[in-house]
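The values are calculated or read from the model by the stated rules, or taken from the named source; none is laboratory data. All values reported here derive from a predicted model rather than from experimental measurement. When we count neighbours, we look across all protein chains shown, and the Cβ atoms used for this are built from the backbone with ideal geometry, even at glycine. Remember, those area values only see protein heavy atoms, side chains included, never the ligands or the DNA or RNA. Shrake-Rupley method; radii C 1.70, N 1.55, O 1.52, S 1.80 Å.
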Amino acid sequence: MQFPTVSVLNIPFINTTNQAFIAQLSKDLAANENRFIVTANPEIALYATKHNDYFQTISQANYITPDGIGILKGATMLGTPLTERITGFDTMTALFEIANQNSYSVYLLGAKEEVLQAACQNVAKQYPNVTIVGQHNGYFDDQEEQKIVADIERTQPNIILAALGFPKQETFIEANRHKVNAIWMGVGGSFDVLSGTVSRAPKIWQKMHLEWFYRFASHPSRLNRFPALIEYMRLVKKEKKN
């Protein structure tokens with residue numbers, strides 16, 4: 001299915017609901033389709049404007065979701081509002097639920113070894129019908145990457161989740177997705193939350209679109225990312241004038 005899209009900084013974000021998107025992913029999995037999901041926040045959008053190779057990489061994705069209230073605000077400023085925010089973490093957990101219902105298999109790639117192990121343990125507890133056919137931390141060289149790709153090709157998982165951070169995770173997916181028909185998604189720091197290492201914002205903060213503020217308040221080190229958000233909004237305003 002082709003969702004309608006809304007362009008923000010030339011990036012085509014799917015314009016749909018979480019419910020409709022997850023329903024489509026369920027169909028994609030049942031049909032053994034090859035799908036590449038990019039969950040793009042303002043930092044990713046900004047990076048793509050400055051790095052054409054990365055822009056070309058994410059342009060190959062089947063679905064680019066608006067992960068970040070800044071994307072929704074940008075779309076509204078441009079006069080083309082998006083229906084709702086579709087986060088990477090919510091999409092990931094929905095995929096686990098679909099996998100649990102259908103006994104699908106997953107491959108987890110990324111994060112520190114201890115975080116990865118804790119994430120795998122929690123997946124096993126929460127989704128007992130999901131088979132984790134492979135796992136590897138996010139610290140590997142080119143030679144190890146070849147082994148990881150060979151392992152993914154050998155195990156043929158239904159879902160591959162890459163928690164490598166951008167641009168590495170999208171570059172990895174685009175280079176290797178042709179090896180296995182599966183849902184391939186970059187999930188950034190989601191394994192940290194999945195493992196319990198990092199707490200996600202309470203539901204009330206999420207509903208108020210203040211999850212970004214909660215993250216800043218909980219982890220002051222994230223404040224160094226604030227200049228990127230300011231520059232992103234500046235570029236959106238510039239796009240609006242044009």
Residue within segment 49-69 that is modelled with pLDDT under 95 and over 13 Å from the mean Cα position of the chain (by Cα) present: yes
Elements of type helices (runs of 4 or more DSSP H) contained in segment 125-242, each with 3 or more residues being in contact with a helix residue (DSSP H, G or I) (Cβ under 9 Å, 6 or more places away or on another chain) and at pLDDT 90 or above: 142-155, 168-176, 190-195, 226-241
Condition broken by SER190, with the remaining ones in (1) open to solvent by 40 Å² or more (accessible area, probe 1.4 Å); (2) within 13 Å of the chain's Cα centre (by Cα); (3) under 29 Å from ALA20 (Cβ atoms) satisfied: (1)
Flag for ALA99 being surrounded by 22 or more Cβ atoms within 10 Å (Cβ to Cβ) and either among the small types (Gly, Ala, Ser) or out of contact with any strand residue (DSSP E or B) (no Cβ under 7 Å at 6 or more places or on another chain) (or both): yes
Unique match (being β-branched (Val, Ile, Thr) and in contact with a Pro (Cβ under 6 Å, 6 or more places away or on another chain)) among THR5, THR16, THR93, THR87: THR5
Residue satisfying all of: in segment 73-91; out of contact with any strand residue (DSSP E or B) (no Cβ under 6 Å at 6 or more places or on another chain) and hydrophobic (A, V, I, L, M, F, W, C); farthest from ARG234 (Cα to Cα) among these: PHE89
Only listed residue being modelled with pLDDT of 95 or more, within 22 Å of LYS241 (Cβ to Cβ) and not acidic (Asp, Glu), chosen from ALA99, ALA75, ALA118: ALA75
Any hit, segment 9-18, residues being under 15 Å from MET233 (Cα atoms) and in contact (Cβ under 8 Å) with a residue 60 or more places away in the chain: yes
Segment 23-51 - residue that is among the aliphatic types (A, V, I, L, M) and surrounded by fewer than 17 Cβ atoms within 10 Å (Cβ to Cβ) and, of those, nearest to GLU239 (Cα to Cα): ALA23
Looking only at segment 65-124, and only at residues there that are in a strand (DSSP E or B) and of a type in the set (Ser, Thr, Tyr), the one that is farthest from VAL8 (Cα to Cα): SER105
